[in-house]
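Single-structure report; data block below.
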Amino acid sequence: MSSVRQEGKDTIIFVTKEDHATPSNAELVEEDPNDPYEEQGLILASGEINWNCPCLGGMASGPCGTEFKDAFSCFHYSKEEVKGSDCLEQFRAMQDCMQHYPELYPQEDEKSPSKTSKDSETADALNENSSSAPEQDSDPKQAGTESSGES
């Protein structure tokens, strides 16, 4: 015999082997697309942009939110063959705005200085290894005549 227990918002149901042996008679509840608490993706069922989507990372509500919304909307609704190619002005305005707030919108090279220094260390090591390697002639004909002793 199954048992049901309520813990806060969750309902816990323990079932027996006999319960699993019979087909379920549970009725699924249709989700309400207008439920403001229901998770929805970036694009709503209506085709509109969900500016509250966590996937936008707060970009729509930051100091450059208006510029972001203009650029993103232009891209989303673009009908051009190369999607968004008609939105350069909006993206340029967004980029200009972001440059006024470098603490909120750091440039890629400013984000990870350790990666940049690591990359330069790797490049230095590669250069060091390549300069310590014995030099070889790039012309195979010269290399062949030198090794055979012919001149």
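The values are calculated or read from the model by the stated rules, or taken from the named source; none is laboratory data. In this text the structure is predicted, and so the values were computed from the model without any measurement. Cβ coordinates were reconstructed from backbone atoms using ideal geometry, including for glycine residues, and neighbour counts include every protein chain displayed. Accessible surface is based on the protein model in full, side chains and every heavy atom, while ligands, DNA and RNA are left aside. Shrake-Rupley method; radii C 1.70, N 1.55, O 1.52, S 1.80 Å.
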Heavy-atom accessible area per residue - segment 42-105, 1.4 Å, Å²: 67 Å²
Contact order relative to length of segment 1-101, as percent, for alpha carbon pairs under 8 angstrom and 6 or more apart: 13 percent
Kirkwood-type radius of segment 56-113, with distances r between different C-alpha atoms, in Å: 12.1 Å
Sum of side-chain charges, Phe72 neighbourhood, beta-carbon under 13 Å (Lys, Arg +1; Asp, Glu -1): -1
Neighbourhood charge, 15 Å Cβ-Cβ cut-off, centred on Ile12 and excluding it, Lys, Arg +1 and Asp, Glu -1: -1
Cβ-Cβ FRET estimate between Glu81 and Ala26, R0 fixed at 41 Å, reported to 0.05: 0.25
Mean Cβ neighbour count within 10 Å, used as a protection proxy, ranking 99-108, 67-76, 49-58 highest first: 67-76, 49-58, 99-108
Efficiency of FRET between Ala93 and Asp19 - r from beta-carbon atoms, R0 41 angstrom, step 0.05: 0.10
